[in-house]
1. Sort A:86, A:74 by Cβ crowding within 10 Å, fewest neighbours at the top.
2. Quick check: pseudo-label points 7 Å beyond the Cα along Cα→Cβ at residue A:35 and residue A:152, how many nm apart are they?
3. Show me the ranking of peptides A:161-167, B:67-73, B:47-53 by mean Cβ neighbours inside 10 Å, starting with the highest.
4. Once R0 is set to 22 Å, what does the formula 1/(1 + (r/R0)^6) return for the Cβ-Cβ distance between residue A:49 and residue B:85, expressed as a FRET efficiency to the nearest 0.05?
5. How many nm separate the modelled label positions at residue A:183 and residue A:127, each set 7 Å beyond the Cα in the direction of the Cβ?
6. Shape of region A:56-230 from its Cα gyration tensor (a ≥ b ≥ c, root eigenvalues): rounded if a/c is under 1.5, otherwise prolate when a/b > b/c, or oblate?
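We did not get these values from a lab; they are worked out from the coordinates using the rules stated. What you are looking at is a predicted structure, and each value in this text was computed from that prediction instead of being measured. Cβ sites come from the backbone with ideal geometry, for glycine too, and all protein chains shown count toward neighbours.
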C-alpha cells in the first residue's frame, strides 16, 4: 500500500517532512463529514445502478403488450365468428409491427444500460444476446421454409407460435439460471408451460391462450419486478448507511 | 491494514476517490467500465479522473486495461480484489463510526488515547 500512514481520516494531519500545503490542489480533498460520506456513497450507488441496470419491467412490459395485442389480433382473424372483424393481413401486420417494436425497445434499452460496461458479466450478456439473435433468425427462416412448402396458414401459425414461445420460455429459464434470477426463471417456466397447453388446445384458440396466459404472464412478470424493486427501495429501518454489493 | 477503527483509508476518504471506488464496486465482480462511461457516471473531467485513477492504481485498488475497440484505443477501468476489500473495510469502519455508541459511559476515542499509553509505560517509568 502506498497509503501514507501519517495521514489519517482526512483530519488533515500534515506529514512532518511534507509540504504544509495540501498535496492535492483539488477542493474535494477537503476533509469529509462522515454523514456526508454515507449520503455520497448511497447516492452514487443509486446512480450507478439506475444507469447500468437492465430493467425487467421495460423488457417484459414491451413483449407482454406485443403478445397480448398481437395474439389477440391473430385470434380474431382466425376464428369463424369473431366479436370484431379482423382481416388476416391486418392481424399479421399488427403482430409483426408489435414484435419489431418490442425488439427495438429491448435493443435500445440494453444498449443504453450496458454501454461502456465490460468484463465477465458483459461477456455473459453478449453470449446470451447471441442465443436470442440466432434462435429467432431460425424462427424467421422456418416461416420462410414452411411457406415454400405451401403449408396452410394454420400450420404456419401453429409452428410459429409454438416454436417461438418455447424458445422464449427456454431462454428466460436459462437467463434465470445464469444470473440467479428466480423471478425470471419462473416467468420462463410459466411461458413454456403455457405453450404446452396452447399446443394441446390447438388452432384457433391456442392464440387466445398465448395472448392472455403468455402475454398476460409477461405483464404480471413486469408487475412483480416493479413490486420487488419498490420493496428494495424502502430504506432499511436500522441505520441508513449503504451496504456494499457483493 | 487499518489499525484503529477510526482510521479510515485516506486513499478512499476523499470525495473524488470515494465516488470512483463506489462506482466501480457497484458493478458485479469482474466488471469494468470504459473510461468515457466512468467519466459520465462521475461528471468528472478527464484530467481530474486520470489523476485520481493513477493514485488508486498505484495502491492496487484499481486496474486499468488498455485495449482497442477496432482501431480506436479504449481504456477500461475496474476495481481489483484488493480495491473491493479496501472499500468494504472502509464502509465497515464508516458504519461503526456512524453507529451511536450503545453504552454512553464507555470511553470514547479521546480517553482511550490517554489511557492506552499508561498500560505500556509503567514498566519503564520507575526510574
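1. On the way: A:86 18, A:74 25.
Ascending number of Cβ neighbours within 10 Å: A:86, A:74.
2. 7.6
3. Details: A:161-167: 19.0, B:67-73: 7.9, B:47-53: 16.4.
Result, highest mean Cβ count within 10 Å first: A:161-167, B:47-53, B:67-73.
4. Numbers: r = 21 Å, r/R0 = 0.95.
So the FRET efficiency works out to roughly 0.60.
5. Once both label points are built, they end up 2.5 nm from each other.
6. On the way: a/c = 1.90, a/b = 1.59, b/c = 1.19.
In terms of gyration-tensor shape, prolate.
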